[in-house]
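The values are calculated or read from the model by the stated rules, or taken from the named source; none is laboratory data. Computed from a prediction, not measured in an experiment: that's the story for all the values here. Cβ: placed from backbone, ideal geometry, glycine included. Neighbour counts: every protein chain shown. To get the accessible areas, we keep the full protein, side chains included, count just its heavy atoms, and leave off ligands, DNA and RNA. Shrake-Rupley method; radii C 1.70, N 1.55, O 1.52, S 1.80 Å.
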Amino acid sequence: MFDGIAPDYDRLNHLMSLGTDRSWRRRALREIVTPDAPQQILDLACGTGDFSLAIAGRMHPDSRITGLDLSEGMLAVMREKVARAGLEGKISCGQGDSEAMPFAEGAFDVVTIAFGIRNFEHREAALREILRVLRPGGRLVILELSVPEGRFLRWCYNLYFKHFVPWIGGRVSGDKAAYKYLPASVQAFPGRREWTETMARCGFANVRHRAFTLGLCRMYLGEKIA
């Protein structure tokens, strides 16, 4: 599915979020980038590389970003974008599974997941694998879409995402089913309390959460202590 929608993925994301997805990423960068020290950053479920490129614009010159995704179609778009930006020396990417990553223990200072964790089949297994590849003191930063908690906002959300998003996505990408999956996957993702408890249960410390744009997006943060 993601291979098929890859060519139109960025344009549709910006269109359907009315551009607010860019501001959500910018706010998350404050928790990721340490510009005065080099970092090894893993962008998991990197997709077409939007988040990797945003990170690269602010990081220390000696920092490096590694992208990992299951969709080769998404990665092909990412490689083109990285090449156009002249960032092949700072950003690399490859195909791989979040539950069994080809990286050494403690290889990364930060792991990021932007709008991808809801697509993971075995989320707890992925969280434990992320903990393995983080160094002690390392951070996990997750951005994910969320259903607003207020009754009226939730009604507006359901109207837009269940009816307008599939129509817009189908017209632009030709794959209406993929954009029916989007709201369904958001609704199926655990609520903020359940998800922060899951992160803590899987070994993350100092787990916390922030809501953006009236709860349409949430950022989850956790640390590896030892």
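For segment 13-107, the alpha carbon convex hull comes to 109 Å³ per residue, rounded to a whole number.
For segment 183-196, putting each phi into the Karplus relation 6.51 cos²θ - 1.76 cosθ + 1.60 with θ = phi - 60° gives couplings of x, 5, 5, 5, 5, 7, 6, x, x, 4, 5, 5, 6, 5 Hz, in residue order, rounded to whole numbers and with x for Gly and Pro. Over segment 48-93, all Cα pairs binned in 10 Å intervals from 0 give whole-percent P(r) values of 29, 59, 11, listed from short to long. The alpha-carbon of Lys81 sits under 19 angstrom from the alpha-carbons of these aspartates and glutamates, leaving out residues fewer than 8 places away in its chain: Asp3, Asp8, Asp10, Asp21, Asp43, Asp50, Asp69, Glu72. Taking 0.36 nm per residue of separation and subtracting the Cα-Cα distance, full extension of the segment from Gln187 to Ala83 would add 33.9 nm.
Cα convex hull, segment 72-148: 130 Å³ per residue, rounded to a whole number. A simple spin-label model places the labels of Thr34 and Glu194 3.5 nm from each other, with each point 7 Å out along Cα-to-Cβ.
Here the gap between Thr20 and Glu99, fully extended at 0.36 nm per residue and compared with their Cα-Cα distance, gives a gain of 25.4 nm. Rolling a 1.4 Å probe across all protein chains gives Val207 an accessible area of roughly 40 Å².
Here the simple spin-label model places points 7 Å from the Cα toward Cβ, and for Arg208 and Glu124 these points are separated by 2.7 nm.
Remark: accessible surface ordering of Ile32, Ile225 (largest first) is Ile225, Ile32, probe radius 1.4 Å.
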